[in-house]
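Enquirer: One structure, pasted below without further comment.
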Amino acid sequence: MQQSGNPTITSARLYYQPQVSTDGKVLIGLECLLRAVAPDGSVSGPGAILDRLADDAEADALDWWVIRQALTDGLRWPQLAIAINVSARQFQAPDFAHRLLAVIAEIGNAPTQIELELLESGIIENFERAIETMDVLRRSGIRIALDDFGTGYSSLAYLQKLPIDKLKLDKSLIDGTGELKAAAIVHAVTALSRALGLKVVAEGVETAAQQQFLRVAGCHQLQGYLFSPAVSADEIDAFVRAGWPANR
């Protein structure tokens, strides 16, 4: 993120983690993740950036830089969905939908390429406004995913009330699939989601046993270190050129 000498901004980069078919052979989409790049080139999580934000104005600038950069990078891969995490503060802004649609039109992405990943906290803070915003965005073609399902309140009522397209099962649920109760929860949530017409994505997949379980459970897409960590945009270019499964 290159802006007016701000050291927090210049150290920010976006990395992308693949979202793949349950057999791991088809690259379907990418979740963009904020990373901090040090002067020596080492890469770390977003904490080094977020901890240095001085106020809400800097946080807002960073949020919108992430969206602009993800959209700009997304032009390189028009065949892939681009999933962008949106903070509760950003999503609850009254002008969020209008502003986002204007940025998408300016950069030139198809709205149907874009998925927004929202946490429960971004919804329950002002439920009615969230529903209105989601309706506006979905009418434009943007898809909405409820992220980290299995943490927080995780009420099944959300699956019926919210205008969402996708549910992302949290890594904590995936880690527990070797145990009977956790496995039963994943099966039940996946079956209910499919009955409601929702896509189900399992994140944090790390083993072949988890992959096989999630395929049988009926998930639509998988994401995790078993397939790839988050990597740079140039590395995604290489995946696309290679046809993704060529080296698997």
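Enquirer: Tell me the residue from Val240, Val205, Val189, Val200 that is in a strand (DSSP E or B), in contact (Cβ under 8 Å) with a residue 12 or more places away in the chain and among the aliphatic types (A, V, I, L, M), please.
Expert: Working: Val240 fails: in a strand (DSSP E or B); Val205 fails: in a strand (DSSP E or B); Val189 fails: in a strand (DSSP E or B).
Every option except Val200 fails the conditions.
Enquirer: I've got another one for you. Which members of the stretch 121-151 meet the condition of being among the hydrophobic types (A, V, I, L, M, F, W, C) and surrounded by fewer than 20 Cβ atoms within 10 Å (Cβ to Cβ)?
Expert: Ile124, Phe127, Ile131, Val136
Enquirer: Still on this structure, I have one more. Output yes when any residue across the stretch 222-229 is of a type in the set (Ser, Thr, Tyr) and under 20 Å from Arg143 (Cβ atoms), and no when none is.
Expert: Within the stretch 222-229, none of the residues are of a type in the set (Ser, Thr, Tyr) and under 20 Å from Arg143 (Cβ atoms).
Enquirer: While we're on this one: What tally of residues in the stretch 218-234 results from selecting those that are outside any loop (DSSP other than H, G, I, E, B) and touching a residue at least 40 places away in the same chain (Cβ under 8 Å)?
Expert: 5
Enquirer: Across the stretch 88-108, which residue is nearest to Leu33 (Cα to Cα) among those that are surrounded by fewer than 19 Cβ atoms within 10 Å (Cβ to Cβ) and in contact with a Leu (Cβ under 8 Å, 6 or more places away or on another chain)?
Expert: My answer is Ala88.
Enquirer: Can you name the residue in the stretch 204-234 that is more than 19 Å from Asp148 (Cα to Cα) and surrounded by fewer than 15 Cβ atoms within 10 Å (Cβ to Cβ) and, of all such residues, is nearest to the chain's Cα centre (by Cα)?
Expert: Per the stated criteria, the residue is Asp234.
Enquirer: Another question about this same structure. Run Gly176 past the list (1) crowded, with 16+ Cβ neighbours inside 10 Å; (2) over 24 Å from Val136 (Cα atoms); (3) among the small types (Gly, Ala, Ser) and report the number of the one that doesn't hold.
Expert: All conditions pass for Gly176, except number (1).
Just so you know, all these numbers are worked out from the coordinates, no wet-lab data involved. Computed from a prediction, not measured in an experiment: that's the story for all the values here. Because the Cβ atoms are built from the backbone with ideal geometry, glycine has one as well, and the counts that use them run over all protein chains shown.
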